Structures are given as C-alpha cells and as structure tokens.
Amino acid sequence: MKSDLLENLNPEQKQAAMHYEGPLLIVAGAGSGKTRVITHRIAYLIAHYHVPPYNILAVTFTNKAASEMKERVRNLVGPLVEYISVSTFHSFCAKLLGIEGENIGLKKGFTIYDSNDSEHLARRVLTELNLDSKRFPEKMMLAAVSEAKNSLISPEEYPASSFSEEKIKQFYTTYQNKLVESNAVDFDDLIFKTVMLFRKNPDILQKYQTRYQFIMVDEYQDTNHAQYILVALLAASHKNICVVGDDDQSIYSWRNADIRNILEFEKDFPNAVVVKLEQNYRSTGSILQAANTIITNNLNRKAKKLWTANSEGEKPLLYEAATERDESQFIVNEINRLTKKGFQLKDMAILYRMNSQSRIIEEVFLANSLPHIIYGGIRFYERAEIKDILAYLRLLANPYDSVCLNRVINVPKRGIGKATMEKIELAHLNNKGSYLDTLLKASSIPNLGSKLKPLSEFAKLWYSLTALIDNGNITKLVETIFEKTGYMESLAREGTDEALSRIDNLKEFLSVTKNYENRAGAEASLEGFLSEIALITDIDRYSDTNDAVSLMTIHSAKGLEFPVVFITGLEEGLFPISRSLYDENQLEEERRLCYVAITRAQKLCYMTYAQTRFLWGQTSFNSVSRFVEELPEQIDSYSPVKKVTPSPVTSTPQKHNSWENCQLKSGDKVLHATFGQGIVIEVKGENHSEVVVAFHKAGLKKLLLEYAKLEKL
C-alpha cells in the first residue's frame with residue numbers, strides 16, 4: 001500500500017480523505033477531483049484506521065465510473081481491492097438479491113428485464129386487460145410503474161382516485177404478477193425489492209449493516225427516493241456514511257432523481273461534516289467563468305464558486321449559424337482546422353440536448369468522411385440477433401421466463417405460432433412447474449397435432465444445453481447454441497448483407513463472453529454474466545482509444561471530459577427544451593444541464609445555434625437560448641450572418657390588450673383566453689407582429705398579436 005496517500009491532495013481533499021467516523025457530505029464541483037478523494041479516503045480508512053476492506057461499500061451510477069473507481073483503489077491498496085465492494089447501485093442490489101432473494105420469493109437465476117423486455121411484457125398485459133394502447137401507451141404505463149417503484153409504492157398501495165389511476169393500478173398489479181410468474185425483475189425492482197427485503201427481514205438488514213460499516217455514495221445528487229432509503233437503511237446503525245455530489249449537476253429528475261437528497265443531507269444527518277471542493281483541475285479559467293456565470297442564475301443550489309489554477313485559455317466561442325446544416329458544417333470545418341493544429345479526433349465531442357439532433361450532424365460528417373461514433377443509437381445488446389442469443393442464455397438460467405421463451409421458441413423458424421403458444425401457456429399454468437418441465441411433457445398437451453415434434457425437439461435441445469451451464473465456460477455454451485439451434489446456419493443460408501452483418505455481430509458477442517471469463521476467472525458463471533450484461537449502459541462502450549469524434553446527448557456526457565467540446569442547438573424551445581419554459585424547477589434543471597455541458601470542456605468550448613432549424617418535420621425560427629444571453633460578456637463570437645437578438649416590442653401605448661400595447665419579448669409569461677398560460681418563445685414578423693408561445697396545456701402556437709389578445713403576466 002502506498003505510504004504517501006495524502007500527497008498531491010489540496011487542503012479540502014485532505015480533510016475529506018482523513019475523515020473517519022460519522023456522516024460526511026463532500027460537495028464536489030465539476031472537475032474537482034471527487035473520484036480521487038473517494039479512492040484516497042478508502043485507502044486511508046484501511047491504512048490509517050485499520051478498517052477491514054470487507055467492511056467498505058462504495059456505490060455509484062455507471063459501470064464505467066465503478067470500474068474506474070475500483071482501478072484507482074487497486075493502484076492504492078493493491079490486491080486488497082478484491083475485498084472491497086465497489087459497484088453500481090443496481091449491480092450491488094442484483095448481487096444481494098441473488099444471495100437473499102429467496103426470502104422474498106425470488107428464485108435463483110432470476111432474469112433482469114431491460115426496457116425492451118419490459119415493453120414486450122407491457123404489451124401483453126395491455127392486451128390481457130383489454131386496454132387501448134393509444135389511450136394507455138405501454139411507455140406511459142411503464143413510466144407510471146417506474147415512478148411508483150422509485151417512490152417505494154407497491155401495487156396494493158398505488159392510489160386509485162381517478163379513472164386513469166385505477167387503470168394504472170390494474171396494469172401495475174398484472175405486470176408485477178407476470179414478472180413474479182416469470183421469476184423476473186425489471187431495473188426498478190432491483191432497488192425496490194432490496195428495500196422490501198430489508199424492511200421485511202430485520203435480521204438480514206442487520207447482517208449487512210454489520211458488514212458495511214463504512215458507506216460511500218458517489219453522485220448523490222442523482223439518487224431517487226428508493227436509493228435514498230436503501231442507503232439510509234444500511235447506514236442507520238453506524239452513521240458512517242459519506243456522500244459525494246454536486247447539486248449543480250443534478251440533471252435526472254425525469255428518472256425520479258431528487259435534488260433534495262443532497263440539499264437536505266445536513267437535516268437528515270445533523271452532525272454531518274461538510275467539505276466543499278471548489279478547485280477545478282479540468283478546465284481553463286475562461287471556460288469555468290462561463291459555467292459559473294450561467295449557474296449562478298439558479299436559486300435552488302448550495303452557494304459555491306469553482307476556481308482553477310489553470311491558465312485562462314481561449315475564450316468560449318459562440319457561433320450563429322443560418323441553418324442546422326450550416327451549424328454542422330461549421331463544426332466539421334473547425335474540427336479539420338483543429339486537427340491541423342495537433343488535436344486528435346478523439347479529443348472532441350459534440351453534445352446536443354436531444355438524440356434527434358444527431359441526424360443532420362451525422363449526414364454532414366459522412367459527406368465529409370469524418371470518423372465519428374454516435375452514443376445513444378441502437379445499442380449492441382439491443383440488436384435482434386444479440387437479444388435472441390441472450391434470450392436462449394436467460395432461458396437456461398431461468399426456465400420460468402415467458403418473455404424469453406416467446407422470443408426464441410420460433411427462432412430459427414420451427415412453425416410454432418401464437419395458437420400453439422396459447423396451448424403451452426395453459427399447460428404451464430396447470431403444471432405449476434417451469435416452461436421446460438411443461439415442454440418436456442409436450443405429448444400430454446392436447447391438440448398439438450403436427451407441432452408436437454418441433455416442440456419436443458426444442459425441449460430436448462433446451463434440456464441438453466442445461467448440462468453445460470455449471471462449468472462457467474460461457475463462450476463454449478454460446479458456440480453450442482449457435483450450432484445446435486441452427487441459428488448461424490439459417491443466417492448463412494439467407495446470405496443477405498444484413499444477415500452477414502448479423503453473423504459478424506454474433507461473432508463479436510464471443511469477444512464479450514471471453515472478456516467476461518478473463519475478468520471473472522474462477523468466479524465466472526452464467527448468472528454473473530447475464531447480470532453484468534443486463535446492467536450495461538450505452539455510455540459504457542465509450543473509449544478514448546478510438547480516434548473518432550464522439551456524438552452524444554449532454555446527459556450521456558456527464559462524468560466524461562474532452563479537450564474540445566461543441567455544444568449545439570442553443571435555442572429557446574430546444575435548449576432549454578420547450579416543456580421547461582413554464583416550470584421554474586425544470587428550467588433550473590435545464591440550466592444545470594448547460595453547466596454540465598460547458599464543464600465537460602478542458603481547453604476549448606464552442607456554443608452554436610441556428611436562426612432556422614428543420615426538426616421533427618417542420619422549420620422553426622427560434623430565438624437564441626437565454627443561456628447564451630446569460631454568458632459573460634467576454635465571449636468570442638463568430639457569425640457569418642447578422643446576429644439576431646430578441647428585442648422587446650416598443651410602441652406607443654394604445655388601448656388595453658391591443659397587440660401594439662403588448663410589449664413582449666422572449667421569456668415573458670402570458671395569458672390567452674383559450675390556451676391559458678404560456679411562455680413567449682419568440683417575437684417575429686414585420687413590426688414584431690407575430691409571436692410564438694409555448695402554452696402549458698396547448699403546446700407551441702404561432703399567433704398574430706393583433707388578434708391573440710395576450711395578457712402579459
């Protein structure tokens with residue numbers, strides 16, 4: 001173990017790293033070295049206070065962050081790192097439920113459903129309940145269920161005071177019952193069921209409280225209510241909880257993250273020590289000044305001001321484009337110019353508010369033969385062929401899984417359709433065993449006719465593959481599935497470019513299994529592999545070894561840094577997004593998102609917007625984002641077209657409510673007799689006679705001021 005653990009830490013970092021017992025809040029600004037502090041504190045607890053590594057738990061949100069943290073701890077404590085629990089919230093809970101889940105009815109080998117699996121199951125539930133999918137779309141219903149689980153509300157406790165709530169409760173109850181029947185959980189269940197386990201079994205909770213006597217939570221501002229309760233339960237007896245986060249980077253309210261968890265930590269733990277990390281090691285002074293100037297417009301935040309000993313560097317550059325294509329071409333031109341100055345393509349990232357903005361950027365990149373990687377498209381594990389093979393593997397681990405059985409029982413084609421599946425489902429309900437048990441007795445299922453033979457052959461294949469589960473050789477198991485099912489052969493026979501591409505993806509999947517086996521060693525298991533795969537996110541495949549420009553949403557970029565960052569689409573209604581314009585809390589979150597975007601940049605930061613943008617099938621004329629107007633004056637501006645700044649209507653007052661008297665500008669709140677309250681997005685037209693308003697209920701409307709009779713609030 002290194003003896004110079006506190007060397008190269010600044011005074012605040014040292015204070016945090018040396019903290020021993022009791023609650024600790026580390027308010028860590030962007031680029032302030034929070035991972036360094038967490039890892040050094042872990043090492044200091046072991047070296048100085050002789051805390052057994054087994055008693056330490058560190059949780060964060062992404063596999064990438066957990067892997068980086070573990071590697072840094074390894075560099076400090078060596079082999080002892082293997083005894084420390086460092087993981088994401090979801091993988092921690094998945095592992096714990098794998099050990100203790102039977103206490104709440106979870107069988108061994110349970111399946112973790114991803115969003116696609118959940119949607120597939122949701123469609124079946126809607127059909128069974130005879131609910132109109134147009135009125136009750138599966139994504140809306142699943143979002144309601146997710147919010148309930150993140151708030152620790154069970155189906156029985158779900159309120160039903162309206163018709164819609166009653167239908168959601170009905171859906172939630174049936175959806176959850178079907179998960180139980182399939183011995184499956186969704187992502188939200190991992191936290192929800194762990195909390196349920198602890199609440200119903202005080203002895204199990206005490207066991208883990210005794211084990212995890214020192215708990216560290218990274219990115220605490222992103223925790224939701226269920227995660228907050230989970231951590232609070234684990235820390236209840238010893239109170240040795242250290243949370244690290246930055247309220248200015250809380251950008252996940254749409255995932256039910258609750259900024260109050262970090263803002264009210266001192267209320268929850270009155271004796272908490274608070275350490276602020278305000279020295280930024282990532283960005284230049286001018287980039288930091290831009291970020292600080294914007295975020296200070298938020299009221300709901302802890303007072304802090306980042307500073308840096310880095311050079312001032314080049315000022316952030318603001319570019320006004322004529323169109324979204326012009327914006328993309330400007331970015332390409334700048335990238336080409338910067339590569340000639342010594343930057344590499346992997347040094348650069350293009351960030352946008354919404355995935356849909358990437359289309360035109362990618363078009364222009366392709367036209368200019370510029371290497372790039374888009375994060376947030378179809379993930380490798382969401383491709384049909386990969387989902388098929390994973391479904392086969394999941395069936396081997398969990399023969400109760402109805403979603404996986406429905407997916408692969410006719411892949412490759414075996415002539416088994418919906419009518420046959422209904423007979424299997426009925427027989428399965430009567431048999432009370434697994435689907436494998438049911439199919440091994442296929443001859444006892446009535447009226448199968450010609451389908452008996454393929455079903456019996458499928459059951460024998462399934463049973464023979466189960467013999468390969470326990471040796472931990474996942475690669476061999478997958479290769480056997482390829483061969484015995486005829487999956488690879490059917491693609492080869494098809495012979496199309498798409499089929500050949502799918503074969504390449506399946507071969508790449510063998511690289512995934514081999515990498516897992518190398519990492520897991522003697523601990524390799526099918527269960528462990530499937531759990532790891534289920535919890536992978538798209539950003540986990542980010543790597544700076546590929547020399548290509550990264551394209552991603554700002555949400556995806558959180559936790560990353562790049563020498564050069566382009567922030568695109570800074571227009572009212574796009575960024576900040578239109579639905580936030582009439583809600584102060586949402587608007588503050590959009591501003592935090594802008595702060596996160598700017599603080600990804602180390603050396604150069606570009607901010608771009610367009611006078612007109614073709615998006616979602618229509619051309620919009622958006623005014624420049626308020627975040628641009630909040631920037632410090634010392635910003636470089638490069639614009640080939642005349643700069644447009646929203647200006648208030650100035651005219652001689654006339655009678656009340658006439659459009660000449662309605663002096664409006666972007667951002668004003670207005671009232672319309674029919675549409676209700678809204679926010680002015682843009683004032684345009686000759687003599688500023690037209691206005692675009694985002695109404696709270698009616699959405700975006702273009703109105704003539706002469707007839708709209710808007711009342712300024």
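The values are calculated or read from the model by the stated rules, or taken from the named source; none is laboratory data. All values reported here derive from a predicted model rather than from experimental measurement. Heads up, the Cβs are rebuilt from the backbone with ideal geometry, glycines too, and the neighbour counts pull from every protein chain shown. Keep in mind that these areas ignore ligands, DNA and RNA; they rest on the heavy atoms of the full protein, side chains included. Shrake-Rupley method; radii C 1.70, N 1.55, O 1.52, S 1.80 Å.
Quick notes
- Only one entry in I567, I536 is open to solvent by less than 50 Å² (accessible area, probe 1.4 Å) and over 27 Å from I295 (Cβ atoms), namely I536.
- Single residue of the range 597-619 satisfying the filter (more than 22 Å from Q249 (Cα to Cα) and among the small types (G, A, S)) that is surrounded by the fewest Cβ atoms within 10 Å (Cβ to Cβ): G617
- Residue count, the range 258-297 (criterion: touching a Ser or Thr at 6+ places or on another chain (Cβ under 8 Å) and closer than 30 Å to P563 by Cα): 14
- Residue within the range 352-361 that is in contact with a helix residue (DSSP H, G or I) (Cβ under 8 Å, 6 or more places away or on another chain), in contact (Cβ under 8 Å) with a residue 12 or more places away in the chain, part of a strand (DSSP E or B) and open to solvent by 10 Å² or more (accessible area, probe 1.4 Å) present: no
- For beta carbons closer than 8 Å, sequence separation of 6+ or different chains, a first residue in the range 312-327 that is of a type in the set (F, W, Y) and a second that is outside any helix (DSSP H, G or I) and open to solvent by 30 Å² or more (accessible area, probe 1.4 Å), the qualifying pairs are Y319/S637; Y319/Y638; Y319/S639.
- Exactly one residue out of L593, L604, L570, L615 is modelled with pLDDT of 90 or more, aliphatic (A, V, I, L, M) and touching a Ser or Thr at 6+ places or on another chain (Cβ under 8 Å): that is L570.
- Of all residues in the range 28-81, those satisfying the criterion of being modelled with pLDDT of 90 or more, part of a loop (DSSP other than H, G, I, E, B) and either under 23 Å from R255 (Cβ atoms) or open to solvent by 20 Å² or more (accessible area, probe 1.4 Å) (or both) are G29, A30, G33, H48, Y49, H50, P52.
- The single residue among L440, L461 that is open to solvent by 80 Å² or more (accessible area, probe 1.4 Å), closer than 15 Å to L405 by Cα, hydrophobic (A, V, I, L, M, F, W, C) and at pLDDT 85 or above turns out to be L440.
- On the stretch given as the range 682-706, residues that are modelled with pLDDT under 75 and either on the phi > 0 side of the Ramachandran plot or in contact with a helix residue (DSSP H, G or I) (Cβ under 8 Å, 6 or more places away or on another chain) (or both) total 9.
- Matching residues, the range 303-346, being in a strand (DSSP E or B) and surrounded by fewer than 16 Cβ atoms within 10 Å (Cβ to Cβ): W307
- Pick from the range 276-289, criterion out of contact with any Leu (no Cβ under 7 Å at 6 or more places or on another chain) and assigned to a loop (DSSP other than H, G, I, E, B), ranking: surrounded by the most Cβ atoms within 10 Å (Cβ to Cβ): S283
- Selection from the range 104-127 of residues that are in a helix (DSSP H, G or I) and among the small types (G, A, S): S115, S118, A122
Here's the yes/no breakdown for (1) without any contact (Cβ under 8 Å) to a residue 60 or more places away in the chain; (2) over 23 Å from the mean Cα position of the chain (by Cα); (3) under 25 Å from D4 (Cβ atoms):
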residue	(1), (2), (3)
T39	yes, yes, yes
V59	no, no, no
T62	no, no, no
P79	yes, yes, yes
V86	yes, no, yes
L97	no, no, no
L129	yes, yes, no
R135	yes, yes, no
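- Selection within the range 290-300 - out of contact with any Leu (no Cβ under 8 Å at 6 or more places or on another chain), touching a residue at least 12 places away in the same chain (Cβ under 8 Å) and surrounded by fewer than 19 Cβ atoms within 10 Å (Cβ to Cβ): N297, N298, L299
- A94 fulfils the conditions (1) in contact with a Lys or Arg (Cβ under 9 Å, 6 or more places away or on another chain); (2) open to solvent by less than 20 Å² (accessible area, probe 1.4 Å); (3) under 23 Å from Q221 (Cα atoms) except for a single criterion, (1).
- Scanning the range 362-377 for residues that are assigned to a helix (DSSP H, G or I) and open to solvent by less than 60 Å² (accessible area, probe 1.4 Å) yields V364, F365.
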